[in-house]
Amino acid sequence: MRWVNLKSEKAKGEMVRRMATSIKFRFLSGDEVAADLISKIARKIHEKPEDVAWFLEVKSIMGKLGTGEFSKSAKPEPLETSKSVPAIMSEVKKFKRIGAKMKRAGLV
C-alpha cells in the first residue's frame, strides 16, 4: 500500500480518481467500459460519441487493410455505393477532422 499525503489536494484528488476508476471498472461489462471510454473521448474532443465510434471502426478496418489481413488472392468486388461523391467527401473530411482532434489530444 502506498502512503498518501492527505493534506495535498492534488494527492487526494489523484487517490480518489484512481480508486473510483478501479471500483467502476470492476462492475462494468466490456461493452459498458467501451461505451464509457468512447463517450469520454467524445466529450474531450467535442464530438458526438457515435462519430468517435465510427472513426475508431474505420481506423480499425484501415489498419487491417494495411497489414494484409484481408487475403490478396480474394477476388475484388466492384465498388457499389448509393452515396454521391459530395457525401463521400464529407465523410472523408469528418474522418480527417476527428483524427486531427484525437491526435492533438494524444489519443491516436
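The values are calculated or read from the model by the stated rules, or taken from the named source; none is laboratory data. Please read all numbers here as calculations on a predicted model, not as lab measurements.
Looking only at region 79-108, which residues are part of a helix (DSSP H, G or I) and of a type in the set (S, T, N, Q)? Once the filter is applied, which keeps residues that are part of a helix (DSSP H, G or I) and of a type in the set (S, T, N, Q), region 79-108 yields only SER90.
Go through the residues of region 42-55 one by one and say whether even a single one is on the phi > 0 side of the Ramachandran plot, of a type outside the set (Gly, Ala, Ser) and at pLDDT 70 or above.
Quick first cut of region 42-55, residues on the phi > 0 side of the Ramachandran plot only: 46.
Now restrict to residues that are of a type outside the set (Gly, Ala, Ser): 46.
Of the ones still in play, those that are also at pLDDT 70 or above are 46.
Yes: one or more hits.
From the list SER39, SER29, the one residue that fits, being at pLDDT 85 or above and polar (S, T, N, Q), is SER39.
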